[in-house]
Amino acid sequence: NGMIFRNLFHLRRDQQYDTFVPCGGRPESIDLSTVGKLIKDGKATIPYIVEGANLFITQDSKLRLERAGCILFKDASANKGGVTSSSLEVLASLSFDDEEFVENMCIREDGTVPTFYSEYVKQVQEVIKSNATLEFEAIWREHEKTGLLRSVLSDRLSVAITQLDEELQKTELWDNVELRRSVLHDALPNLLLQKIGLDTILQRVSLTAQQISLT
């Protein structure tokens, strides 16, 4: 039945496959009680795993699979594209006024897709690919250099990003207008900057943030 398939399909040994990319399912579908079914004679039966679904594999199981030779990239790294996509979608909705948003971001009743929307999607995809490449290369390089497991390096990278964010918030860098505008020009989608302009984006996003804080 469906429940048995969901719980066991990824543990079958009757078919060999090189890459496993779980993009849904039950959290902790692979844990210490089941991970042994993916290891035979001390070697992982799946050469590559990219954890597309959050929490599909427990951390202990990830480490065991990696020690058995599996090249594994965990959810914390593999799913950052989704966070980027949703963030830039929200940014666009905050940057446009209501009329502009309908014109540029909403599909027409006849199914016509606005040109800006199509181009914006492509630009967001390029940002995701660029960020994913940088993260992959950082983890791969550090693994080759230190021998640390990739799941461990992924966690360390996430902690480093969070700590850097917290440290930057305590500085006065935001008050450096020239630096602030330079960073935002590099960080924000160029298509949105061309369409609306940095000053308008800052004004509208800041106003929305103030309204949210008041409520």
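Just to confirm the filter: which GluC sites (Glu not before Pro) across region 90-122 are DSSP coil and have at most 11 other Cβ within 10 angstrom of their Cβ?
Details: sites: 99, 100, 103, 109, 119; in loops: 109.
Here the sparse-neighbourhood loop sites are 109.
Counting other Cβ atoms within 10 Å of each Cβ, which chymotrypsin sites (Phe, Trp or Tyr not before Pro) in region 14-63 have at most 13 and sit in a DSSP loop?
Hits after loop and neighbour filter: 17.
Using Cα pairs closer than 8 Å and at least 6 residues apart in sequence, work out the relative contact order for region 85-169, in percent. Walk me through the numbers on the way to the answer.
On the way: 29 pairs, mean separation 13.8, N = 85.
Relative contact order of region 85-169: 16 percent.
Work out the count of Lys pairs in the chain where the Cα-Cα distance is under 26 Å, with the pair 8 or more places apart or on different chains.
21
Kindly provide the trypsin sites (Lys or Arg not before Pro) of region 1-69 that DSSP labels as loop, not H, G, I, E or B, and whose Cβ sees at most 15 other Cβ atoms within 10 Å. Let's see the in-between values first.
Details: sites: 6, 12, 13, 37, 40, 43, 62, 64, 67; in loops: 12, 13.
Here the trypsin sites (Lys or Arg not before Pro) that fit, given the DSSP loop and packing criteria, are 12, 13.
Between (i) 1, 6, 11, 14, 14, 12, 11, 10, 9, 7, 4, 1, 0; (ii) 1, 6, 14, 18, 19, 17, 12, 8, 4, 1, 0; (iii) 2, 8, 16, 21, 22, 16, 9, 4, 1, 0, 0, which matches P(r) over Cα pairs in 5 Å bins from 0, in percent calculated for the structure shown?
Matching entry in (i) 1, 6, 11, 14, 14, 12, 11, 10, 9, 7, 4, 1, 0; (ii) 1, 6, 14, 18, 19, 17, 12, 8, 4, 1, 0; (iii) 2, 8, 16, 21, 22, 16, 9, 4, 1, 0, 0: (i).
Find out how many positive minus negative residues lie around residue 149, taking Lys and Arg as positive, Asp and Glu as negative, among other residues whose Cβ is under 11 Å from that of residue 149.
For residues surrounding residue 149, the net value is +3.
First select every other residue whose beta carbon is under 14 angstrom from the beta carbon of residue 127; then total the charges, Lys and Arg +1, Asp and Glu -1.
On the way: positive: 80, 122, 129; negative: 89, 119, 126, 135, 186.
That works out to -2.
Between residue 184 and residue 157, what FRET efficiency comes out of the Förster formula 1/(1 + (r/R0)^6) with R0 = 22 Å and r the beta carbon distance, rounded to 0.05?
Working: r = 24 Å, r/R0 = 1.07.
Efficiency computed from Cβ-Cβ geometry: 0.40.
Relative to the present Cα-Cα distance, how much length would full extension add between residue 136 and residue 17 at 0.36 nm per residue of separation?
Numbers: separation 119, 0.36 × 119 = 42.84 nm, distance 2.22 nm.
Once the chain is fully extended between residue 136 and residue 17, it gains 40.6 nm.
Using a cut-off of 12 Å between beta-carbons, work out the net charge of the residues near residue 39 (Lys and Arg +1, Asp and Glu -1, residue 39 not included).
Values: positive: 13, 37, 40, 43, 64, 67; negative: 41, 66.
Neighbourhood net charge equals +4.
Residue separation times 0.36 nm, minus the C-alpha to C-alpha distance between residue 122 and residue 7: what's the value? Present the calculation step by step, with values, prior to reporting the outcome.
Numbers: separation 115, 0.36 × 115 = 41.40 nm, distance 3.60 nm.
Going from the current span to full extension adds 37.8 nm.
Ignoring everything except DSSP H segments at least 4 long, calculate the 222 nm mean residue ellipticity for the chain; use -39,500 (n - 2.57) per segment, divide by total residues, nearest 500.
Details: 10 runs with 131 residues, N = 215.
Rounded to the nearest 500, it is -19500 deg cm²/dmol.
Where Rh is the Kirkwood radius over the Cα pairs of region 124-215, the temperature 4 °C and the viscosity 1.567 mPa s, what D in µm²/s does Stokes-Einstein return?
Values: Rh = 16.2 Å.
Stokes-Einstein gives a translational diffusion coefficient of 80 µm²/s.
Compute the long axis of helix 177-187 from its Cα atoms, compare it with the longest principal axis of the Cα atoms of the chain, and write down the angle in degrees, 0 to 90, nearest 10.
Compared with the principal axis, the helix lies near 50 degrees.
Normalised by the number of residues in region 110-215, what is the relative contact order in percent for Cα pairs under 8 Å and 6+ residues apart? Show your work: numbers first, answer last.
Working: 21 pairs, mean separation 26.3, N = 106.
Averaging sequence separation for qualifying contacts and normalising by length gives 25 percent for region 110-215.
Taking the chain as the reference, fit the longest principal axis to its C-alpha atoms, fit the long axis of helix 80-95 to the helix C-alpha atoms, and give the angle between the two in degrees, 0 to 90, nearest 10.
20 degrees
No lab work stands behind these numbers, since they all come straight from the coordinates. All values reported here derive from a predicted model rather than from experimental measurement. Positions of Cβ are generated from backbone atoms using ideal geometry, with glycine treated the same way; all protein chains shown enter the neighbour counts.
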